[in-house]
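Read-outs throughout are calculated quantities, based only on the coordinates presented, and are distinct from any laboratory measurement. Note that the structure is a prediction, hence the values are computed from the model and not measured. Virtual Cβ from ideal backbone geometry, glycine too; neighbours counted across all protein chains shown.
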Ligand code: NAP
């Protein structure tokens with residue numbers, strides 16, 4: 001099987017490494033933006049060959065778009081005249097509704113299914129790539145209403161073979177879930193880091209402080225793109241969190257219910 005990967009950073013690189021480790025019969029062609037990134041991906045073993053030319057993906061069976069979200073629409077436009085009507089196209093972006101919308105401009109939108117490996121690391125970049133990051137993690141696919149996803153069965157099998165757990169939901173449902181489970185988490189981490197910087201001495205922080213600010217140390221460009229593309233759901237998630245935090249504030253302020261309050265939170269985390 002010939003797989004094309006556009007974007008050879010943390011996720012694209014990790015995917016290439018995982019697929020190449022899986023079977024020798026999987027042939028990977030990578031495409032990056034800069035020639036240095038393409039060369040580095042070959043060097044790392046994340047692709048059999050790599051370039052900056054989308055035309056090199058003409059004979060792929062599956063093309064996976066693993067660029068930052070703000071590049072995806074442009075990549076789709078440039079891929080459209082390159083691939084055949086039968087080429088399967090998918091992506092890995094963290095927000096799905098806009099991507100599924102952009103895919104309507106592909107010559108054969110039924111050959112596109114949105115995907116999101118709920119995997120990763122705080123730091124992006126090919127140098128962070130690791131074939132094990134998908135292990136036991138969800139990989140959510142977001143078919144449109146009534147879409148026949150059977151042509152993608154082999155791809156779903158590969159995703160399972162590299163250790164991920166494929167699941168399926170509507171793009172809008174995915175974006176609402178991720179707004180809370182992922183995007184709210186980094187918004188809180190960033191807000192906490194800012195609060196600590198303004199009102200405390202972060203050099204005095206220990207492991208708890210470091211756990212809380214870890215996400216805030218991620219790629220700001222990626223976070224900004226995610227917040228822009230999932231704004232509505234993220235704003236709703238922040239409002240929900242704000243209401244819960246306010247309740248905590250009131251209970252802490254009234255002191256006598258503190259034990260009950262934190263007991264509940266510890267229970268919810270397990
Ligand atoms: P990354 O490490 O920054 O890598 C991005 C890659 O895309 C780089 O190789 C870059 O090439 C390439 N690229 C950028 N623009 C391009 C273009 N126009 N054409 C071809 N290649 C292009 O990013 P990442 O963390 O892997 O994230 C990639 C995608 O995965 C994003 O959509 C993100 O939402 C999603 N995702 C990320 C995580 C995470 O934890 N990071 C988790 C799940 C999903 P150059 O190096 O040459 O610039």
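Once the Cα atoms are used to define both axes, helix 258-269 deviates from the longest principal axis of the chain by about 10 degrees. Note on residue 108/residue 43: beta-carbon distance plugged into 1/(1 + (r/R0)^6) with R0 of 51 Å gives a FRET efficiency of 0.90.
So what's the angle, to the nearest 10 degrees on a 0 to 90 scale, between helix 220-229 and the longest Cα principal axis of the chain? So the inclination is approximately 90 degrees.
Relative to the longest principal axis of the Cα atoms of the chain, the long axis of helix 35-44 makes an angle of roughly 90 degrees. Counted residue by residue at 0.36 nm each, then reduced by the alpha carbon distance between them, the extension gain from residue 161 to residue 84 reaches 25.1 nm. One chain, two ends: residue 236 and residue 22. Fully extended at 0.36 nm per residue, the span grows by 73.0 nm beyond their Cα-Cα distance. Rounded to a whole number, what is D in µm²/s for the chain from Stokes-Einstein with the Kirkwood radius over alpha-carbon pairs (25 °C, 0.890 mPa s)? Stokes-Einstein gives a translational diffusion coefficient of 123 µm²/s.
In terms of other Cβ atoms within 10 Å, 238, 72 run from fewest to most in the order 238, 72. Legend: ranking of residues 199, 116, 246 from fewest to most surrounding C-beta atoms inside 10 Å; resulting order 199, 246, 116.
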